[in-house]
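Each remark here refers to the structure printed beneath this line.
Read the figures in this text as sums done on the coordinates, not as results from a lab. Just so it is clear, the model here is predicted, and its values are computed rather than measured. Note: ideal-geometry Cβ built from the backbone for every residue, glycine included; neighbour counts use all protein chains shown.
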C-alpha cells in the first residue's frame, strides 16, 4: 500500500518512539489520509508492517472516533452539538444540515459527495456553532446561510 | 491587567518578533546561569499550579522526577484539550507558540529530559501544522536538537497527533495513546514520575502551565507569586462561551470576580437577558447558581466555597431561558460517549444516568429519579481508575442539588409504570465492522 518514500517516512517516525508499536497511530493516520478510511485490509497491512497482531490494531482503530470505520462522502461534515455549541444553535444547524442534504448520521448522499456526523466538543466554543470538514478545516460562527454557501462552494470544488 | 501569555504584541507568533521581544532569553539564562535544581526551585517558589484542572503545584511535580537514573526520561505536553467549554491551548498555539516551546525546552533542561512529546488532539489539524512549522524553525535555528543554543544540553521535541478521544487528556491515558494503545488510563501508583512512558520516568504538563515558565524565569518567582490570588497565582486563560455577548479567550489574573469577566470583559449576558447558571471550569465542574455567580471569584480556592472548581477555566454562561435538564442530559451523554469502558461504575453508571435523564425529558420521570441520579453519581465518584468518573458524576449531582426545583417541575405528579430495561452498553467496544 505504501510507496518507498512513505515507508522511509515510517522508519523515521519509528525512531521517535521507544517501541515500534507506538508508531501505530501515525501509521493509521497515513493510511486514512491515503484511503479516506481504514478498512480491514488496511488494518492487516498496518499490523504486518509493525509486526503486531491484527486484533490489536482493530482494538486501537475502534477506540478512536477520528479513524473512520466506513467510507465517507468526499466532504464529511462534522458538526459539534456539545453544550457550548448547543446553547448557540448547534442542534439547529445539525438538523438543518441533515434536512438540506437528505441524509442522517452514518449516511452518504447518493452522489457520494456528503456525509454527516454529530461530534463532541471540538474546542470551538466561542465561535459556535461550528463544523469541521474531513477531520481538517474548521468553519466557525455558522448560520444557515453560511452553511448553504459552503455546500455550494464544496460542490464547485469537485 | 498583567499579561503573561497572550501579550498585546503584533505578530508575536513569528520567530523574529518573538526574539525581538525577549524571546529565548529565559532559555539562554537557564542554560548559562542556572543549575537544573535551581530552575525547579524557582518554579516551586513561584507557586505555579497546573492549568489542566487538577491545580497540582508544578515545581513539586517536577521535583518527583528522579535526579540520578540511567533510564531515559520523558516530558509530555498535554494539548489534548477536549473538555467541553475549554479552548485555550489553541489560542496559545496560534498567538504565542514560541513561548510554549521555550517553556518546553526549559522544562526539559530542569528535569534532564532528552525527549518531549507534544500531544495535540487530532481535530486540531490547523494548530498541529502551526506547531510543526515552529518546531522546524527552531531545529534550524539550533534551539531544539543537539546542543540547544550552543550549550551542552540536547533535546528533541516531537508532536504526537491524537485521534479523537476525550480520555486521552487524562495523563496516564495520554501515555497509553503515545505508546500506540487504546487510550486507557492506568492505576496510580505507580505515578508517571516513576513509571511512565514505556515504564520510564515521565512528567505530563498542560500547555498553558508550560507556557508560563519562560516568564517566571525572566521576571522571577517573586513577581509571579504576586500576580493574582496568592494561593493560586498568575493569570488564567478564561474561555467564555454560551449565552454571552463577546465570547472568546481572555487572559486575566486569578481571583478576578466572575461577574467582572462576564459584564466588563464579555459585554454581559446576550440579548439583554438575565443569568441563570454558570459552569465555571469546563463541563465537568459543578455549576454555579446566579447568586453564587454574583459572589464568585475565579481561582481554585475561592470556588471551593461553592463546591465547584476552576477546572480548565472554561466558563459556560446560561441565560434565564436555558433548560438545565437539556444541558445536563447533553453533558451526561458526552461522558457516556467518552467513557473508556474500563471501570464498571463509569461505563455503566454514565449510561444509567443518561437513560434516567432522558426518561425525565420524555415526561416519564418519577420524583424518586432525582435521588436515584444522585445515588448513581455518588457510586461512580471515587470508584474509578481515573477522574472521568468524577467528571461525569459532579455535574449530575450538583446540578440537581442546586437546581432541584427546576428538575422537580419537569416531573409529573402521578407515578408512572416503567418497563424494567437494563441494557449493558459499552460504546467504545462496539465492533463497527459487522
| Computed FRET efficiency, Cβ-Cβ of residue B:410 and residue B:289, R0 25 Å: what is it to the nearest 0.05? | 0.90
| field | Distance from region B:16-86 to region B:174-226 (C-alpha centre basis), Å | value | 8
| request: Please report, largest first and rounded to whole Å, the three semi-axes of the ellipsoid equivalent to region B:1-66, where each semi-axis is the square root of five times an eigenvalue of the C-alpha gyration tensor. | output: 25, 18, 9
| Segment residue B:274-residue B:28, extension gain: residue separation times 0.36 nm, minus the distance between their alpha carbons | 83.5 nm
| Put a dot 7 Å past each Cα toward the Cβ at residue B:129 and residue B:364; how far apart are the dots in nm? | 4.7
| field | Where a label projected 7 Å from the Cα of residue B:11 along Cα→Cβ would reach, residues of region B:120-138 with amide N under 18 Å | value | B:134, B:137-138
| For region B:324-410, what is the convex hull (Cα atoms) projected area averaged across all directions, in square nanometres? | 4.7
| field | Partner chain coverage, peptide B:159-167 - average Cβ within 10 angstrom | value | 5
| note | Averaging 1/r across every pair of distinct alpha carbons in region B:47-147 and inverting yields a Kirkwood hydrodynamic radius, in angstrom, of 14.9
| task | Would you mind checking the radius of gyration and Dmax of region B:106-208 based on alpha-carbon positions, in Å? | result | 14.4, 41
| Nearest-0.05 FRET efficiency for residue B:152 and residue B:218, computed from C-beta distance (R0 35 Å) | 0.95
| task | Could you give me the percent of Cα pairs per 10 Å distance bin for region B:229-319, shortest bin first, beginning at zero and ending with the bin that holds the maximum distance? | result | 20, 58, 21, 1
| Kirkwood Rh, region B:15-225, all Cα pairs: how many Å? | 17.0
| said: Roughly how far apart, in whole Å, are the Cα centres of region B:315-366 and region A:113-158? | reply: 26
| message | I'd like the Kirkwood hydrodynamic radius of chain B, using the inverse of the mean 1/r over distinct C-alpha pairs, in Å. | response | 22.7
| Quick one: if the Förster radius is 35 Å, what FRET efficiency do residue B:35 and residue B:307 give, using the C-beta to C-beta distance and rounding to 0.05? | 0.25
| query | Between residue A:111 and residue B:3, what is the spin-label point distance in nm, taking each point 7 Å from the Cα along the Cα→C-beta axis? | reply | 4.6
| Stokes-Einstein D in µm²/s, Kirkwood radius over Cα pairs - region B:168-307 at 10 °C with 1.306 mPa s viscosity | 91
| task | Quick one: P(r) of chain A from all Cα-Cα pairs, 5 Å bins, percents rounded to integers, in order of increasing distance. | result | 2, 9, 17, 17, 16, 12, 12, 9, 6, 1
| query | Expressed as an acute angle from 0 to 90° and rounded to the nearest 10, what is the orientation of the C-alpha long axis of helix B:388-402 relative to the principal long axis of chain B? | reply | 50
| task | State, to one decimal in nm, how far the label point of residue B:246 lies from the label point of residue A:48, with both points 7 Å from Cα in the Cβ direction. | result | 6.0
| note | When all Cα-Cα pair distances of the protein assembly as shown are considered, the percent exceeding 33 Å is 44
